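The values are calculated or read from the model by the stated rules, or taken from the named source; none is laboratory data. None of the values given here were measured: they were computed from a predicted structure. As a convention, Cβ positions derive from the backbone with ideal geometry for all residues, glycine included, and neighbour counts pool all protein chains shown.
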Ligand SMILES: [Mg+2]
């Protein structure tokens, strides 16, 4: 990691959550930042029971959750943004609360793109 930016060429696999939070802040267009966080295979590991079988089944990705919590603690706005449909908003909120994820807002049905092209994206694999 250089210049406060996350780069694909040098993923900070062992960087502490505070350092990753610094890098994410460096990418933000304002301070405090409004940070949109995906749920499945971002806040979850992709392991455990799929959400459509059991809303409380997916496993939390502890590292990503710790980074998100650090950003929340620094005063940034955490917006959970998932492709899950609105009909499971309640159980998704329950899952977040049950795993201690602090956030400010929940948005559903972002679409189910196979690839997201976004000028402000940070891929979870970089975390
Ligand atoms: Mg996802």
Report the residue count in the stretch 88-117 for those that are more than 13 Å from the ligand (Cβ to nearest atom) and exposed (fewer than 10 other Cβ atoms within 10 Å of the Cβ).
2
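Could you look through the stretch 27-47, keep only residues that are more than 14 Å from the ligand (Cβ to nearest atom) and touching a strand residue (DSSP E or B) at 6+ places or on another chain (Cβ under 8 Å), and pick out the one that is modelled with the lowest pLDDT?
Here is the first cut: in the stretch 27-47, the residues more than 14 Å from the ligand (Cβ to nearest atom) are 27-35.
Then drop every residue that is not touching a strand residue (DSSP E or B) at 6+ places or on another chain (Cβ under 8 Å), which leaves 27-28, 32-35.
On the way: 27: 87, 28: 90, 32: 95, 33: 96, 34: 96, 35: 96.
The extreme case among them is 27.
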Report yes if residue 125 is in a loop (DSSP other than H, G, I, E, B) and over 13 Å from residue 37 (Cα atoms), otherwise no.
no
Does residue 7 count as in contact with a helix residue (DSSP H, G or I) (Cβ under 9 Å, 6 or more places away or on another chain), at pLDDT below 90 and either within 18 Å of residue 127 (Cα to Cα) or away from the ligand (no atom under 15 Å from the Cβ) (or both)?
yes
Step by step: first the residues of the stretch 53-84, then only those that are under 18 Å from residue 110 (Cα atoms) and within 14 Å of the ligand (Cβ to nearest atom), then the one that is surrounded by the most Cβ atoms within 10 Å (Cβ to Cβ). Which residue is that?
80
Regarding residue 56, is this residue over 21 Å from residue 26 (Cβ atoms), in contact with a helix residue (DSSP H, G or I) (Cβ under 9 Å, 6 or more places away or on another chain) and at pLDDT 90 or above?
no
The stretch 24-117: strands (runs of 3 or more DSSP E) wholly inside it with 1 or more residues that are more than 26 Å from residue 14 (Cβ to Cβ) and in contact (Cβ under 8 Å) with a residue 12 or more places away in the chain are 34-37, 77-81, 105-107
